[in-house]
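Only one structure is covered here, and it is reproduced in the block below.
The values are calculated or read from the model by the stated rules, or taken from the named source; none is laboratory data. Values in this document were obtained by computation on a predicted structure and should not be read as measured data. Glycine also receives a Cβ, built like all others from the backbone with ideal geometry; neighbour counts cover every protein chain displayed. Side chains included, ligands, DNA and RNA excluded: accessible areas come from the protein's heavy atoms. Shrake-Rupley method; radii C 1.70, N 1.55, O 1.52, S 1.80 Å.
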Amino acid sequence: MTDRYLMAVESSCDETSVAILKNDKELLSNIIASQVESHKRFGGVVPEVASRHHVEVITSCFEDALQEAGITAEELDGVAVTYGPGLVGALLVGIAAAKAFAWAHQIPLIPVNHMAGHLMAAREEKELEYPLMALLVSGGHTELVYVSEPGSYHIVGETRDDAVGEAYDKVGRVMGLTYPAGREIDQLAHKGQDTYNFPRAMIKEDHLEFSFSGLKSAFINLHHNAEQKGEELVLEDLCASFQAAVLDILMVKTQKALAKYSVKMLVVAGGVAANQGLRERLAQDITDVPVVIPPLRLCGDNAGMIALAAAVEYDLGHFGQMDLNAKPSLAFSYLD
Ligand code: KG4
Ligand code: ZN
């Protein structure tokens, strides 16, 4: 068998990334150019700034990915690209570059859903067994996804309002932490206690939907009231209380999903899967099925995860055409 090399491109938000995957499993390179420094002072990603940065660095990311992998463009068998969900201008930069590359080298184009990428990053950790349940937690999404077989993703529950990562970043901003705040809140939480008792929305209800806006508002109100009265809040306890509420909600809903659907494993992925508190709770609370979490370096946005998902799409013959467009609100279908 000859070796198969896939290139993947990711530019849906604020990282420009290009990766090379050998034989469906081995990541030879995964170049990530982060723009986070440019967005920090705005406390979030500025779409126009993101697009401009992608344009500036994407060509050198292609070159670096090939060089680090030690292969030439002629050896590639396909080029995968994130076509949604994400910021339209940012997505379009990656799509245009991937299309040009595919056309120039006459190789197939493989469109990949960004959330499928997060999920399939778990392949780097362990061989996946189907059907599986996935808890996807990122800056833009919070969803429970039932994967019946490779490439078949179905939403069984999702957030009605804010995503978990978004809630972390918003409360982080209120506390004066730098964007993105998830990691710092996680670290501070480990030094504090759950003393503020924030609400855990809908945990008694049987459905698999999430809500984090009430928690966010409760946090902001507490902070605001304390400020007005000149009361001191304990930062570590605030973080511990917020994180405890988030983790309780995530764990209860995940356990309900596992009770409802018979699956062989649980995958937990997305930027928030880097959370140490979440990893500890998963180890403690999920005992019925193996839990697979991508390695930390593949939790945040990167093209390696897009390549790992693309290998599955390639085997299924899911190729894109030159009229491929960005789909900013691309979503998995719901389970009937
Ligand atoms: O998946 P991701 O890199 O980008 C999106 O697709 O949205 O997720 C980014 C999100 C940010 O909101 C960030 O604060 C959060 O992941 N995050 C964390 C941690 N590390 C990153 N949230 C909680 N705990 C962490 N350790
Ligand atoms: Zn992401």
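Listed by position, the helices (runs of 4 or more DSSP H) enclosed by the stretch 112-198 that each have at least 2 residues that are surrounded by fewer than 24 Cβ atoms within 10 Å (Cβ to Cβ) are 164-174, 182-189. Annotation: of all residues in the stretch 166-204 being of a type in the set (Gly, Ala, Ser), touching a residue at least 24 places away in the same chain (Cβ under 8 Å) and away from ligand 1 (no atom under 13 Å from the Cβ), the one that is nearest to Glu232 (Cα to Cα) is Gly192.
Among the conditions (1) farther than 27 Å from Val45 by Cβ; (2) at pLDDT 95 or above; (3) more than 16 Å from ligand 1 (Cβ to nearest atom), the only one that Met251 does not satisfy is (3).
Mind telling me which of the residues Ser211, Ser217, Ser262 ends up being among the polar types (S, T, N, Q), buried (at least 17 other Cβ atoms within 10 Å of the Cβ) and in the same structural domain as Ile155 (by the TED database)?
Details: Ser217 fails: buried (at least 17 other Cβ atoms within 10 Å of the Cβ); Ser262 fails: buried (at least 17 other Cβ atoms within 10 Å of the Cβ).
Of the residues listed, the single one that is among the polar types (S, T, N, Q), buried (at least 17 other Cβ atoms within 10 Å of the Cβ) and in the same structural domain as Ile155 (by the TED database) is Ser211.
Elements of the type strands (runs of 3 or more DSSP E) sitting completely within the stretch 1-56 and holding at least 2 residues that are without any contact (Cβ under 8 Å) to a residue 40 or more places away in the chain: these cover 26-34. Pairs meeting the criteria (first residue in the stretch 292-314 and open to solvent by less than 10 Å² (accessible area, probe 1.4 Å) and within 15 Å of ligand 2 (Cβ to nearest atom), second residue polar (S, T, N, Q) and outside any helix (DSSP H, G or I), beta carbons under 6 Å, at least 6 apart or on different chains) are Asn302/Ser17; Asn302/Asn30; Ala303/Ser17; Gly304/Asn30; Ile306/Thr82. Exactly one residue out of Ser38, Ser17, Ser11 is of a type in the set (S, T, N, Q) and surrounded by fewer than 19 Cβ atoms within 10 Å (Cβ to Cβ), and it is Ser38.
So for the stretch 94-102 (the condition being closer than 18 Å to Asn30 by Cα, modelled with pLDDT of 95 or more and open to solvent by 10 Å² or more (accessible area, probe 1.4 Å)), does at least one residue qualify? So far as the stretch 94-102 goes, yes, one or more of its residues are closer than 18 Å to Asn30 by Cα, modelled with pLDDT of 95 or more and open to solvent by 10 Å² or more (accessible area, probe 1.4 Å). Does Ala269 satisfy the criteria of being within 16 Å of ligand 2 (Cβ to nearest atom), among the small types (Gly, Ala, Ser) and within 24 Å of Gly157 (Cβ to Cβ)? It is true that Ala269 is within 16 Å of ligand 2 (Cβ to nearest atom), among the small types (Gly, Ala, Ser) and within 24 Å of Gly157 (Cβ to Cβ). Going by the structure shown, is Glu227 in contact with a strand residue (DSSP E or B) (Cβ under 9 Å, 6 or more places away or on another chain) and either at pLDDT 95 or above or surrounded by fewer than 19 Cβ atoms within 10 Å (Cβ to Cβ) (or both)? For Glu227, the condition - in contact with a strand residue (DSSP E or B) (Cβ under 9 Å, 6 or more places away or on another chain) and either at pLDDT 95 or above or surrounded by fewer than 19 Cβ atoms within 10 Å (Cβ to Cβ) (or both) - is not met. The condition (being within 21 Å of Val145 (Cβ to Cβ), modelled with pLDDT of 95 or more and either under 20 Å from the mean Cα position of the chain (by Cα) or hydroxyl-bearing (Ser, Thr, Tyr) (or both)) is satisfied by just one residue among Ala181, Ala259, Ala201, Ala273: Ala273. Taking each residue of the stretch 276-289 that is at pLDDT 95 or above and looking for partners that are open to solvent by less than 20 Å² (accessible area, probe 1.4 Å) and not hydrophobic (A, V, I, L, M, F, W, C) with beta-carbon atoms closer than 6 Å, six or more apart or interchain, yields Gln276/Asp186; Gly277/Asp186; Gly277/Gln243.
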